[in-house]
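Heads up: the structure comes next, in structure tokens.
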Amino acid sequence: MSPCRQAKNALHNGEIPISCRDRHCPKCQTAARDRWIAARQKELLPTRYLHVVFTLPSRLAPVVLQNKKVLYDLLFRTSAETLMEVARDPRHLGAEIGFFSVLHTWSQQLNIHPHVHCVVPAGGLSPDHTHWVHTRENYSLPKKVLRKVFRGKFVDALKQAFQNGQLNFHADLKLLAQPKIFAAWLRPLFRQHWVVYLKPPFGGPEYVLQYLGRYTHRVAISNHRLVSFADGQVTFRWRDSADGNKQKLLPLSANEFLTRFLLHILPQGFVRIRNFGFLANRRRTTLLPLCFQLLSATSEPQAEQHASSTEDAPGLYRCPKCGGPMKVIERLTAAEIQLRSPPRIKSAA
């Protein structure tokens with residue numbers, strides 16, 4: 001029984017419940033998520049945001065489980081370096097970006113599946129920090145380039161970690177401690193398909209605040225997915241992406257369920273939400289106000305242009321929702337209006 005379930009039972013028994021405050025608890029993370037979102041609210045820029053996901057190949061899963069801290073750190077660092085390097089390239093964006101990354105380690109069936117979710121503003125600072133560089137509408141960084149750069153950076157970093165003696169190998173992986181065997185095991189990673197997923201750009205800061213709660217403080221499995229515990233089996237819901245995202249039930253023995261859940265316990269003190277670029281802790285205080293200033297400077301001329309172009313327009317030519325100008329694209333005669341109008345619905349007597 002989880003500490004929060006014990007607290008709930010204690011409340012029913014007239015006792016004072018005590019929160020476990022563990023970051024792997026689905027109940028206690030709700031309050032932590034709300035506090036984090038409230039703290040980030042003032043840092044959200046008035047622009048669209050992009051969502052990028054970097055995933056490690058399944059071949060690395062056994063090594064990850066025996067070297068969580070090292071490989072999760074490499075995943076954070078190489079994915080961030082990939083985004084910043086590709087964004088700095090003038091052929092793609094030519095700007096300095098800032099973003100935060102969130103580590104997730106599970107699949108829908110609670111298997112090991114390390115990946116990071118990166119939430120990136122749709123644009124960045126120019127190299128000389130004099131203006132804001134906007135991305136084109138419905139455009140994000142090139143997926144093929146991100147895959148190639150991410151793969152190269154992570155494999156190189158993994159080789160360096162091995163040479164520095166940072167990796168541990170136990171049980172079935174003992175042979176990987178030998179340099180030649182490790183090199184042979186590592187080689188197929190260059191021929192494997194690495195997944196970098198780019199979701200379509202989503203809205204401005206108001207939508208981002210709602211969106212963040214889904215990813216920032218999520219744990220391996222939430223309480224609403226648990227269906228039953230009977231006859232020594234735990235049954236929970238999972239979403240099958242290969243079958244049209246259909247909801248299915250998965251029964252596991254109690255021991256297997258606990259084993260899978262414990263795969264996702266992070267090392268003590270490990271930071272699972274990190275900031276990079278102009279949002280990095282050392283640069284945020286100076287560069288974030290500059291971003292707000294440059295974004296407001298680029299939006300003011302556009303607002304003035306809209307105002308000057310519509311100041312002579314009558315109220316009938318303005319959108320009743322947003323107040324913007326409405327352009328005349330075609331004028332119809334009375335006969336054409338009658339032909340194009342929808343059929344009238346006769347009112348009931």
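The values are calculated or read from the model by the stated rules, or taken from the named source; none is laboratory data. Worth saying up front: this structure is predicted, and the values here are computed from it rather than measured. When we count neighbours, we look across all protein chains shown, and the Cβ atoms used for this are built from the backbone with ideal geometry, even at glycine. Surface accessibility is based on the protein's heavy atoms, side chains included, excluding ligands, DNA and RNA. Shrake-Rupley method; radii C 1.70, N 1.55, O 1.52, S 1.80 Å.
If Tyr211 satisfies every condition in (1) of a type in the set (Phe, Trp, Tyr); (2) open to solvent by 20 Å² or more (accessible area, probe 1.4 Å); (3) in a helix (DSSP H, G or I) but one, which is the exception?
Here Tyr211 clears every test but (2).
Could you tell me whether the range 71-86 includes any residue that is free of Cβ contacts under 8 Å to residues at least 24 places away in the same chain and crowded, with 16+ Cβ neighbours inside 10 Å? Write out each step before concluding.
Applying the first criterion (free of Cβ contacts under 8 Å to residues at least 24 places away in the same chain) to the range 71-86 yields 73.
Okay, now just the ones that are also crowded, with 16+ Cβ neighbours inside 10 Å, so 73.
Looking through the range 71-86, at least one residue is free of Cβ contacts under 8 Å to residues at least 24 places away in the same chain and crowded, with 16+ Cβ neighbours inside 10 Å.
Could you tell me whether Gly123 is among the small types (Gly, Ala, Ser) and buried (at least 18 other Cβ atoms within 10 Å of the Cβ)?
Working: among the small types (Gly, Ala, Ser): yes; buried (at least 18 other Cβ atoms within 10 Å of the Cβ): yes.
When the stated conditions are applied, Gly123 passes them.
Is at least one residue of the range 189-197 surrounded by 12 or more Cβ atoms within 10 Å (Cβ to Cβ), under 18 Å from the mean Cα position of the chain (by Cα) and within 30 Å of Asp34 (Cα to Cα)?
yes
Counting only residues that are more than 16 Å from Leu74 (Cβ to Cβ) and either under 28 Å from the mean Cα position of the chain (by Cα) or of a type in the set (Lys, Arg) (or both), which one in the range 147-187 is surrounded by the fewest Cβ atoms within 10 Å (Cβ to Cβ)?
Selected residue: Lys180.
Against the definition (among the charged types (D, E, K, R), touching a helix residue (DSSP H, G or I) at 6+ places or on another chain (Cβ under 7 Å) and either assigned to a loop (DSSP other than H, G, I, E, B) or modelled with pLDDT of 90 or more (or both)), how does Arg237 come out, yes or no? Talk me through it step by step, then tell me what you get.
Details: among the charged types (D, E, K, R): yes; touching a helix residue (DSSP H, G or I) at 6+ places or on another chain (Cβ under 7 Å): yes; either assigned to a loop (DSSP other than H, G, I, E, B) or modelled with pLDDT of 90 or more (or both): yes.
Judged against the criteria, Arg237 is a match.
Do we find a residue being β-branched (Val, Ile, Thr) and either more than 20 Å from Gln268 (Cα to Cα) or in contact with a Lys or Arg (Cβ under 9 Å, 6 or more places away or on another chain) (or both) anywhere in the range 56-77? Lay out the reasoning, then the answer.
Step one: of the range 56-77, the residues β-branched (Val, Ile, Thr) are 63-64, 70.
Filter again for either more than 20 Å from Gln268 (Cα to Cα) or in contact with a Lys or Arg (Cβ under 9 Å, 6 or more places away or on another chain) (or both), leaving none.
Checked the range 56-77: no residue is β-branched (Val, Ile, Thr) and either more than 20 Å from Gln268 (Cα to Cα) or in contact with a Lys or Arg (Cβ under 9 Å, 6 or more places away or on another chain) (or both).
So in the range 87-114, with the set limited to residues that are over 22 Å from Cys291 (Cβ atoms) and open to solvent by less than 20 Å² (accessible area, probe 1.4 Å), which one is farthest from the chain's Cα centre (by Cα)? It would help to see each step written out before you state the result.
Looking only at the range 87-114, we keep the residues that are over 22 Å from Cys291 (Cβ atoms), and these are 91, 103-114.
After this cut, where a residue has to be open to solvent by less than 20 Å² (accessible area, probe 1.4 Å) as well, the list is 103-105, 110, 114.
Working: Leu103: 9, His104: 9, Thr105: 13, Leu110: 19, Pro114: 13 Å.
Among residues in the range 87-114 that are over 22 Å from Cys291 (Cβ atoms) and open to solvent by less than 20 Å² (accessible area, probe 1.4 Å), the one farthest from the chain's Cα centre (by Cα) is Leu110.
Suppose the filter is assigned to a helix (DSSP H, G or I) and either exposed (fewer than 13 other Cβ atoms within 10 Å of the Cβ) or without any contact (Cβ under 8 Å) to a residue 60 or more places away in the chain (or both); does Thr259 pass it? Spell out how you get there, then give the answer.
Details: assigned to a helix (DSSP H, G or I): yes; either exposed (fewer than 13 other Cβ atoms within 10 Å of the Cβ) or without any contact (Cβ under 8 Å) to a residue 60 or more places away in the chain (or both): yes.
Here the answer is yes, as Thr259 does meet what is asked.
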